[in-house]
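K.L.:
Submitted below is the structure of interest, expressed as structure tokens.
The values are calculated or read from the model by the stated rules, or taken from the named source; none is laboratory data. Worth saying up front: this structure is predicted, and the values here are computed from it rather than measured. Note that we place each Cβ from the backbone using ideal geometry, even for glycine, and neighbour counts take in every protein chain shown. Ligands, DNA and RNA are excluded from the accessible area calculation, which covers all protein heavy atoms including side chains. Shrake-Rupley method; radii C 1.70, N 1.55, O 1.52, S 1.80 Å.
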Amino acid sequence: MIKNKLKNQILDRIKNIFILFFLIFFSKIYPQNEISIKYIGADHTSNSNYHDGQLSPAIGTKNFQILRANRSYPDLSDNIGWTYNHAPMLAYWRGFFWCQYLSTPMGEHSDPGITFLVKSRDGINWEKPKVIFPVYFFYEKSEKYVDVKNQIMHQRMGFYIAPNGKFLVFGHYGGNDGNGVGRVVREIKEDFTFGPIYFVRINQTWKGNISYPMINSSNDKKLIEACNSFLNDPIRRIQWWEEDYLSEDSKKFYLPYERQKAFSFYSISDSTKIGLFKSRMTTYSLDRGKTWKEPRKSETLKYGGAKIWGQKLENNQFALVYNPTNNKNRHPLAVATSKDGINFNELAVIHGEVPIKRYWGIEKRPGPQYVRGIVEGNGDPPGDDLWVVYSVNKEDIWISKIPIPITRSYTGEINDSFDNNSVDMALRYWNIYSPKWCTVKIKKTPLKSGYSICLTDRDPYDYAKAVRMIDPKKRELSFDIMVENLNNEEFYIDINNKIGRAIISLNFKKNGQVDLKTSPSKLINQFFISKNEWNSFKIKFNFKLSIVEVICGDFNKKIKIDFSENLYPNRVEFRTGKYRMKRKIQEYKSGDQKLPGFDERNSEVQISPTIVYIDNIFSN
């Protein structure tokens, strides 16, 4: 074990030396062409006419909702009920995941603004958020009175675990125009209480009142030491550049170039750092972040105006997470991987769902966006997974867990019975979409021994989904289903091809009827199953004769299917709501984004649940 670890460390060191040589060599030969991060695959962009971009999923990815906004019943969300929630950040400390995010009553850059903090033991089940930075009031003199106003919050950086062990959370009062108040800091203590708020850096252009003391006035020398450690870090402090670019020392304290937005970075080696910004701008450093090349646009990376995240993975590969579009759309959220941290390939979907926006607000663009992972040094959760947080529709906050290595295809048989493995092992090859009110969990199996997957849906506007990738060359797929209850929605099982289009669909209704379809409008046959009992399904694929055979009890139906290359079965999808990948993304709950669409009577309460169990998924 020790020998293998030492061998991996030596190979990693050799690889880093090679990459460093590569960067230095080519920067000297081609000085006119700045080295830039590249996407080298043919699929630079997704098909943004579909929410999932018709890309293959990153196998085994789990999507979990941290916050479901609720203005009508704030106690069901964050006890405040504001509906603009955006720009989350992530860290891992003392056995907990920590997430902070911005919030305003309705829309972007609309005062007042606050920052929430929420934590979770496992990254799946999250406690109720707490306000970590409250509303900031300031006053301006008028002719007769003093006008009391308040600020928004805007920050591209959230957490810092200092070398001395202090865990700091940062925020910024003001927008990103350089004229805000400044940067605030607060300590998260080991008993999970919070220290007082201090200003750590005031924006030079700010002329208003300062409502919190400066950090140097603190009696906690270790806290001051931790803040100074961050201020002296030439890499991490670039995350503050956007809001503080008008300061006189900006070109020295940050970068001596035209301001860029939303800096993130990852390390190829101890000395080689890659920097990423919005608008496809990239930079790099060869001297541990002391100096950086002027940011240049990557022509092969395609994404809209949202953030991009880069990270070195546990298997020494690299990942870029972003919205791969050639327009302003912010869906889907996808990941590309690289062996060298420079050339990326094989886009795969992390989050391909765009549920209906429930609340109107300024600049509330639809889709999963503004992604962030755990910054180097800000903790390392158990396991090898990649964890990222993001907002959906700038309304709800989500987290995704992506297994390493990141793959897009599955080969081999399936033998999923969920009885003898841990949850992680049992769901290793399952993609899960699990909102707060639409959970996907492994539970005790009703009416027989063992465990099974349970989809529960109590949300009037969203659904639960579980997807199992399958080997497209396997000729038989079988599974057991028990429908305990259906609400107003049907339950759906789709056998999809590699772009997510259904080859066949099974639509389950409240009365036990099942519609067998080959498209949403093409009904092939109907049959009945027994509710509250286990029903076994078997689907056989005859690729030579272009036939799909569906069997359930006494029902047996053969369907002619054209198995061209794109129509081979790629995955089976279990879903508690209708297919929506082509739904217009600007649609609001009220049907029009210009109408308020919130606070209808009883609109934001849980409904009678759909409960469906899935077990014994086999292929051969």
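K.L.:
So which residues in the stretch 396-417 are polar (S, T, N, Q) and within 14 Å of residue 570 (Cα to Cα), if there are any at all?
P.N.:
Within the stretch 396-417, 407, 409, 411 qualify.
K.L.:
Does any residue in the stretch 403-428 that is surrounded by 13 or more Cβ atoms within 10 Å (Cβ to Cβ) come within less than 6 Å, Cβ to Cβ, of a residue that is among the hydroxyl-bearing types (Ser, Thr, Tyr) and modelled with pLDDT of 90 or more six or more places away or on a different chain, and which pairs are these?
P.N.:
406/337; 408/56; 414/619; 418/451; 418/452; 419/451
K.L.:
Moving on to the next point. Exactly one of (1) under 30 Å from residue 581 (Cα atoms); (2) open to solvent by 40 Å² or more (accessible area, probe 1.4 Å) is unmet by residue 248. Its number?
P.N.:
Only one criterion is unmet by residue 248, namely (1).
K.L.:
Then there is this: Could you check the stretch 378-397 and list, in sequence order, the residues that are in a loop (DSSP other than H, G, I, E, B) and within 14 Å of residue 98 (Cβ to Cβ)?
P.N.:
378, 379, 380, 381
K.L.:
Still on this structure, please answer the following. Hey, does the stretch 298-311 have a residue that's closer than 20 Å to residue 402 by Cα and open to solvent by 10 Å² or more (accessible area, probe 1.4 Å)?
P.N.:
Yes, the stretch 298-311 contains at least one residue that is closer than 20 Å to residue 402 by Cα and open to solvent by 10 Å² or more (accessible area, probe 1.4 Å).
K.L.:
Another question, if that's okay. Determine if the stretch 351-365 includes at least one residue that is touching a residue at least 60 places away in the same chain (Cβ under 8 Å), of a type in the set (A, V, I, L, M, F, W, C), open to solvent by less than 10 Å² (accessible area, probe 1.4 Å) and touching a Leu at 6+ places or on another chain (Cβ under 9 Å).
P.N.:
no
K.L.:
From 41, 53, 60, which residue is in a loop (DSSP other than H, G, I, E, B), touching a residue at least 60 places away in the same chain (Cβ under 8 Å) and touching a Lys or Arg at 6+ places or on another chain (Cβ under 7 Å)?
P.N.:
Selected residue: 60, the only one of 41, 53, 60 that is in a loop (DSSP other than H, G, I, E, B), touching a residue at least 60 places away in the same chain (Cβ under 8 Å) and touching a Lys or Arg at 6+ places or on another chain (Cβ under 7 Å).
K.L.:
Would you check which residues across the stretch 552-588 are in a strand (DSSP E or B), more than 29 Å from residue 487 (Cα to Cα) and open to solvent by less than 90 Å² (accessible area, probe 1.4 Å) and list them?
P.N.:
559
K.L.:
How many residues are of a type outside the set (A, V, I, L, M), buried (at least 16 other Cβ atoms within 10 Å of the Cβ) and under 17 Å from residue 122 (Cα atoms) when one looks only at the stretch 72-96?
P.N.:
Counting residues in the stretch 72-96 that are of a type outside the set (A, V, I, L, M), buried (at least 16 other Cβ atoms within 10 Å of the Cβ) and under 17 Å from residue 122 (Cα atoms) gives 3.
K.L.:
Then there is this: Taking residue 439 as meeting all but one of (1) under 30 Å from residue 479 (Cα atoms); (2) in a loop (DSSP other than H, G, I, E, B); (3) of a type outside the set (Asp, Glu), write down the number of the exception.
P.N.:
Residue 439 satisfies all of (1) under 30 Å from residue 479 (Cα atoms); (2) in a loop (DSSP other than H, G, I, E, B); (3) of a type outside the set (Asp, Glu) except (2).
Residue-by-condition table, conditions (1) in contact with a Phe, Trp or Tyr (Cβ under 6 Å, 6 or more places away or on another chain); (2) at pLDDT 95 or above; (3) part of a strand (DSSP E or B):
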{"site": "266", "(1), (2), (3)": "no, yes, yes"}
{"site": "274", "(1), (2), (3)": "yes, yes, yes"}
{"site": "279", "(1), (2), (3)": "no, no, no"}
{"site": "287", "(1), (2), (3)": "no, yes, no"}
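K.L.:
Counting residues that are closer than 17 Å to residue 203 by Cβ and open to solvent by 20 Å² or more (accessible area, probe 1.4 Å), which strands (runs of 3 or more DSSP E) fully inside the stretch 133-185 reach at least 1?
P.N.:
137-141, 146-150
K.L.:
Residues of the stretch 403-447 being of a type in the set (D, E, K, R) and at pLDDT 90 or above, which ones?
P.N.:
Selection gives 408, 413, 416, 428, 436, 441, 443, 444.
K.L.:
Could you look through the stretch 186-213, keep only residues that are among the basic types (Lys, Arg) and part of a strand (DSSP E or B), and pick out the one that is farthest from residue 249 (Cα to Cα)?
P.N.:
Across the stretch 186-213, the extreme among qualifying residues is 186.
K.L.:
Return a yes/no flag: does the stretch 423-436 have any residue that is among the acidic types (Asp, Glu) and either touching a Ser or Thr at 6+ places or on another chain (Cβ under 9 Å) or part of a strand (DSSP E or B) (or both).
P.N.:
no
K.L.:
Give, as residue ranges, the strands (runs of 3 or more DSSP E) completely inside the stretch 455-545 that count at least 2 residues that are open to solvent by 50 Å² or more (accessible area, probe 1.4 Å).
P.N.:
Per the criteria, 522-528, 535-542.
K.L.:
Before we move on, is residue 123 surrounded by 17 or more Cβ atoms within 10 Å (Cβ to Cβ) and modelled with pLDDT of 95 or more?
P.N.:
Yes: the conditions hold for residue 123.
K.L.:
Among residues belonging to the stretch 186-208 that are in contact (Cβ under 8 Å) with a residue 24 or more places away in the chain and out of contact with any strand residue (DSSP E or B) (no Cβ under 7 Å at 6 or more places or on another chain), point out the one that is most open to solvent (accessible area, probe 1.4 Å).
P.N.:
The selected residue is 190.
K.L.:
Of these, 245, 160, 198, which one is under 23 Å from residue 290 (Cα atoms) and in contact with a helix residue (DSSP H, G or I) (Cβ under 6 Å, 6 or more places away or on another chain)?
P.N.:
160
K.L.:
Return only the number of the condition from (1) at pLDDT 95 or above; (2) under 19 Å from residue 77 (Cα atoms) that residue 106 does not satisfy.
P.N.:
Failing condition for residue 106: (1).
K.L.:
Any residue in the stretch 157-173 that is within 24 Å of the chain's Cα centre (by Cα), polar (S, T, N, Q) and modelled with pLDDT of 95 or more?
P.N.:
no
K.L.:
Something else: Can you give me the number of residues within the stretch 289-313 that are in a strand (DSSP E or B), within 23 Å of residue 390 (Cα to Cα) and charged (D, E, K, R)?
P.N.:
Number of matching residues: 1.
K.L.:
Among the residues of the stretch 332-347, is any farther than 26 Å from residue 95 by Cα and of a type in the set (Lys, Arg)?
P.N.:
Yes: the stretch 332-347 contains one or more residues that are farther than 26 Å from residue 95 by Cα and of a type in the set (Lys, Arg).
Yes/no per residue for (1) under 28 Å from residue 116 (Cα atoms); (2) among the β-branched types (Val, Ile, Thr); (3) touching a strand residue (DSSP E or B) at 6+ places or on another chain (Cβ under 7 Å):
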position: 395; (1), (2), (3): yes, no, yes
position: 399; (1), (2), (3): yes, yes, yes
position: 415; (1), (2), (3): no, no, yes
position: 418; (1), (2), (3): no, no, yes
position: 423; (1), (2), (3): no, yes, yes
position: 434; (1), (2), (3): yes, no, yes
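K.L.:
Would you check if there is a residue in the stretch 196-204 being in contact with a Leu (Cβ under 8 Å, 6 or more places away or on another chain) and over 16 Å from residue 231 (Cβ atoms)?
P.N.:
No, the stretch 196-204 contains no residue that is in contact with a Leu (Cβ under 8 Å, 6 or more places away or on another chain) and over 16 Å from residue 231 (Cβ atoms).
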